[in-house]
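Novice: Mind looking over this structure? Questions follow.
Just so you know, all these numbers are worked out from the coordinates, no wet-lab data involved. Just so you know, these numbers come straight off a predicted model, no measurement behind them. Note that we place each Cβ from the backbone using ideal geometry, even for glycine, and neighbour counts take in every protein chain shown.
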Ligand code: GDD
């Protein structure tokens, strides 16, 4: 049997995702019409003998209760949310729930970060992992040398694929091969985490370490608590080069979803994937009564779209949205309950839950997904009045805009 664990973090993480994470936990934010965490969960369907899927985080249980029960039914495999009483770190959280995770005596455990977007080649990883015979295999990908320092950089043996060297977000360049946040481990991982904890306890130093920096300032640095263990720094770095960890390189798409801009990009990637894996999920736009659809578009069945609207490419329209006559939508995410009145235009933007755009209103970004104001984001229940134009701006929840704005953060 195989068990999968998805690390979902908690409300104190994902702060770069504001204002979209104010009321909805980031893992439930929709990409291509499905909650972010559903993409890795569905990828687990390909694993033979999948016993259970656990989501581990420190969000309140209530936030995930409805979701896990509906997704368990759909997946026909139990999906459970396990809440840490405090953040234990990416490896500490796994260790904390070791008894539950080992309930079905799995031979292998997948560990996935919830905020990565890729095609999760889990079967291929599992096969490679069995071949290598190590304790763990991690998915890796080549990125541009300029962006590599945002991730864990690593060196792998070109022949055996063994992980030889690992540094988390290094200041000086190590390698353009990086850690994708997708792993498969044997249960020995729990021993490895336990050893880190014991080692911490053994260290003679007391809990607080005074140190003096180059300017002569005395600082008292608290040691991390014994049970807080990070997978990257505390496990991967020390175990590199010890014939225990191996790499599996993906040549397919991979992105990390830390900002709203990236969620727009990843929504496009997942829509494009649906085109191959489940085209029936996408809107097709045939029939005299349906809107004109361009490229990959998702429209929730409960949304009401006027036949004269033109939608796509890369558009995702959530439940109970109303799209009026002549509306034009390009590269955007329209969240639940939004109303778009006649001839409104949305481009390179995310429109928050229950917001409304008046007639001829225009909300747009310049499509630079990596810069802070490269897209426009309207928080929950924002009203944009008729003919108002909003460009490259972030608008916090419950605001009403009656004048046009550009490059602004409206608090
Ligand atoms: N349950 C739980 N508890 N989850 C946590 C905790 C915790 O205490 N801390 C982090 N996470 C979750 C996050 O929600 C995320 O899904 C994952 O663990 C990793 O988060 P971070 O530890 O904050 O690392 P990161 O996202 O900046 O970078 C990691 O992932 C990159 C790939 O996306 C590193 O492993 C990098 O090396 C890697 O490139």
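Novice: May I ask for the angle, rounded to the nearest 10°, between helix 188-202 and the longest principal axis of the chain, with both axes built from Cα atoms and the value confined to 0 to 90°?
Specialist: The angle comes out at about 70 degrees.
Novice: Here is a follow-up. In degrees from 0 to 90, rounded to the nearest 10, what is the angle of the helix 61-75 Cα long axis to the longest principal axis of the chain?
Specialist: Approximately 90 degrees, to the nearest ten.
Novice: How tilted is helix 122-132 with respect to the longest principal axis of the chain? Cα atoms for both, answer in degrees (0 to 90, nearest 10).
Specialist: With rounding to tens, the tilt is 20 degrees.
Novice: Using only the alpha carbon atoms of region 238-336, find the Kirkwood hydrodynamic radius as the inverse mean reciprocal pair distance, in angstroms to one decimal.
Specialist: On the way: mean 1/r = 0.0652 Å⁻¹.
Kirkwood hydrodynamic radius for region 238-336: 15.3 Å.
Novice: Okay, helix-only estimate at 222 nm for the chain: each DSSP H run of n ≥ 4 adds -39500 (n - 2.57), divide by all residues, round to 500 deg cm²/dmol; what do you get?
Specialist: -5500 deg cm²/dmol
Novice: Right, another one. Using only the Cα atoms, work out Rg/Rh for region 306-411, with Rh taken as the Kirkwood radius, to two decimals.
Specialist: Radius of gyration over Kirkwood radius for region 306-411 works out to 0.92.
Novice: For region 335-378, what is the Kirkwood estimate of the hydrodynamic radius, computed as the reciprocal of the mean inverse distance between distinct Cα atoms, to one decimal in Å?
Specialist: In region 335-378 this quantity evaluates to 10.7 Å.
Novice: Nearest 5 percent is fine: what portion of the DSSP beta bridges confined to the chain is antiparallel?
Specialist: 30
Novice: Please report, in whole Å, how far the alpha carbons of region 56-191 spread along each principal axis, starting with the longest.
Specialist: 43, 31, 29
Novice: Still on this structure, please answer the following. Peptides 374-386, 181-193, 136-148: what's the order by average Cβ count within 10 Å, highest mean first?
Specialist: 374-386, 181-193, 136-148
Novice: For region 15-67 and region 166-190, what is the separation of their Cα centres, given in Å?
Specialist: About 22 Å separates the Cα centre of region 15-67 from the one of region 166-190.
Novice: So what is log10(I(q)/I(0)) for region 105-163 at q = 0.21, 0.28 1/Å, when the Debye sum runs over its Cα atoms only?
Specialist: -1.04, -1.40
Novice: Normalising by the residue count of the chain, find the relative contact order in percent from Cα pairs under 8 Å and 6+ residues apart.
Specialist: Relative contact order of the chain: 12 percent.
Novice: Ok, one more. What is the Å³ per residue value for the convex hull set by the Cα atoms of region 1-123?
Specialist: Spread over its residues, the Cα hull of region 1-123 gives 104 Å³ apiece.
Novice: Tell me, what does the Kirkwood hydrodynamic radius of region 125-206 come to in angstroms if you use every pair of distinct C-alpha atoms?
Specialist: Kirkwood radius, region 125-206: 14.4 Å.
Novice: Compute the Rg to Rh ratio over the chain from the alpha carbon atoms, using the Kirkwood formula for Rh, and round to two decimal places.
Specialist: On the way: Rg = 23.0 Å, Rh = 22.8 Å.
Rg/Rh for the chain comes to 1.01.
Novice: For a test of the definition: using alpha carbon positions, the gyration tensor, and the 1.5 limit on a/c, classify region 63-114 as rounded, prolate or oblate.
Specialist: oblate
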